[in-house]
Amino acid sequence: MSTLGIALTPKRTLLIGAGKVAAQKARVLDSLDFAYEIVAASRLDAYFESKIFTCKAFEDADAEGFEVIIDATGNEQVTKRLVALKPIHHFWLNVVDVPELCDFYFSALTRRGDIQVAVSSGGSSPTLAQVIRDKIEKILPHDLTSLIDRLKNERKKPDRDLEKLRDIAKAGVGKVFLIGCGTGYVGNLTLDALNAFELLDVALVDALVSEEIRSLIPLTCKVVDVSKKKGFHSKSQDEINTLLVDYAKQGLVVGRLKGGDPLLFGRLGEEKQVLAQHGISFEVINGITSALRSCTVSGIVPTIRDISKGVTIVSAHLRETLFNDDWVSILKQPLHTVIVLMAHSFAKKIQDAIAKQNINPNLPAAFVSKIDLPDQVTIVGTVGKLDKMATLCATPAVLIIGECVAKENILPAENSGKIIYM
């Protein structure tokens, strides 16, 4: 059997039928720029509205001169006549959904310039072929042009090294998924993230990725712990960057699994930059950030008409253990909410920085601790009590400051967990 579009050079082709099934085949032919003629008793699918075709029932004479004929009529009589005509006119026949009568099968095709990857189920399950094709689509880099050009040039060299060519090819098809895994609750993991897990050869996993989510990583995937906690780094950021590049250059599909959303204080910029510098393809998959999930699970609404017109998300923690208080002056803005990540261990310093800027110590504030975990708790108080509030909860915790945190503005939902008011 042959694969249309790869084993076949352009041949004079006839498509019989203009219904839904015929439209599926026509789309494949059009995607390949494969010229064909159409004979159909009537136009039954809108795809053929712009097509020129012979409007008539199929007759034996219509088969003359064609090298490939596709029967998409579903008409047994037409099929029998085509089978009988094959020895006379010597054409290749494809009878849709009747694989035993096919001389070739249509394939689900992925194209990257000169590279074409065809997936065929031998006519038994086009749907399965399409699913596998879609998986390949996700794995392959979107642009292979420069890689193909480089390999072409290497092959032209009289002293070309086949092992070197293989290494170049492998390095060019590696890919990295930078995946946000949310707060750890598997119900908040996105479908994009879950689907990406299935493609991974290697996963570099942060500490904030829960065991529940880790359990969804396929057993065939190598898991590398790259946890970074305050005062303890199993891997530095430079080491993580090196691992991403090294694994991708082996032609592997690599996942960088992070807690929350990688766009917020997740070192995403550094990782994207190093991947781009090495010409490695990557995709970013958003996760649900703790900054907003903390509001959901506590019953706090960060923007309320006439109470809070905007939100600023900041981090109290910079490189290593450096404290960041550059954002504190934002609290002077009226009708505004500030959400502070990595704030728990700096509660006293934040409280002192707020007092130093003569900000109202009665400004409402809340720590939302252990988001989505059984021991989740929200401590509601004021910025003048942040130090005491922190002693009533554990890290990780998100700090929310603003009038939206006032007791009368908090409307707990069923999943809001325990709330303590000071």
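The values are calculated or read from the model by the stated rules, or taken from the named source; none is laboratory data. In this text the structure is predicted, and so the values were computed from the model without any measurement. Cβ: placed from backbone, ideal geometry, glycine included. Neighbour counts: every protein chain shown. With ligands, DNA and RNA removed, areas are computed over all heavy atoms of the protein, side chains included. Shrake-Rupley method; radii C 1.70, N 1.55, O 1.52, S 1.80 Å.
Would you please name the residue that is most open to solvent (accessible area, probe 1.4 Å), looking only at residues in the range 322-377 that are of a type in the set (S, T, N, Q), at pLDDT 95 or above and closer than 17 Å to residue 398 by Cβ?
351
Can you confirm whether residue 420 is free of Cβ contacts under 8 Å to residues at least 60 places away in the same chain, in a strand (DSSP E or B) and either of a type in the set (Phe, Trp, Tyr) or open to solvent by 10 Å² or more (accessible area, probe 1.4 Å) (or both)? First the steps, then the outcome.
On the way: free of Cβ contacts under 8 Å to residues at least 60 places away in the same chain: yes; in a strand (DSSP E or B): yes; either of a type in the set (Phe, Trp, Tyr) or open to solvent by 10 Å² or more (accessible area, probe 1.4 Å) (or both): yes.
For residue 420, the condition - free of Cβ contacts under 8 Å to residues at least 60 places away in the same chain, in a strand (DSSP E or B) and either of a type in the set (Phe, Trp, Tyr) or open to solvent by 10 Å² or more (accessible area, probe 1.4 Å) (or both) - is met.
Go through the range 403-417 and give me each residue that's assigned to a helix (DSSP H, G or I) and surrounded by fewer than 19 Cβ atoms within 10 Å (Cβ to Cβ).
403, 407, 408, 409, listed by residue number.
Residues that are closer than 19 Å to residue 414 by Cα, at least 3 per element: which strands (runs of 3 or more DSSP E) completely within the range 357-402 meet that?
364-369, 377-382
So, of the residues in the range 78-124 that are farther than 23 Å from residue 41 by Cβ and of a type in the set (D, E, K, R), which turns out to be least open to solvent (accessible area, probe 1.4 Å)?
Of everything passing the filter in the range 78-124, 112 is least open to solvent (accessible area, probe 1.4 Å).
For the range 238-279, which residues satisfy the criterion of being open to solvent by 20 Å² or more (accessible area, probe 1.4 Å), of a type in the set (Val, Ile, Thr) and within 29 Å of residue 372 (Cβ to Cβ)?
Residues satisfying the conditions do not exist here.
When only residues in the range 29-54 that are under 15 Å from residue 11 (Cβ atoms) and open to solvent by less than 70 Å² (accessible area, probe 1.4 Å) count, which is modelled with the lowest pLDDT?
If we take residues in the range 29-54 being under 15 Å from residue 11 (Cβ atoms) and open to solvent by less than 70 Å² (accessible area, probe 1.4 Å), then 32 is modelled with the lowest pLDDT.
Tally the residues that are outside any helix (DSSP H, G or I) and open to solvent by 70 Å² or more (accessible area, probe 1.4 Å), restricting the search to the range 131-190.
Residues meeting the conditions: 8.
Please state which one of 254, 301 is in contact with a helix residue (DSSP H, G or I) (Cβ under 7 Å, 6 or more places away or on another chain), farther than 30 Å from residue 408 by Cβ and among the aliphatic types (A, V, I, L, M). Give the derivation first.
On the way: 301 fails: farther than 30 Å from residue 408 by Cβ.
Answer to the check: 254.
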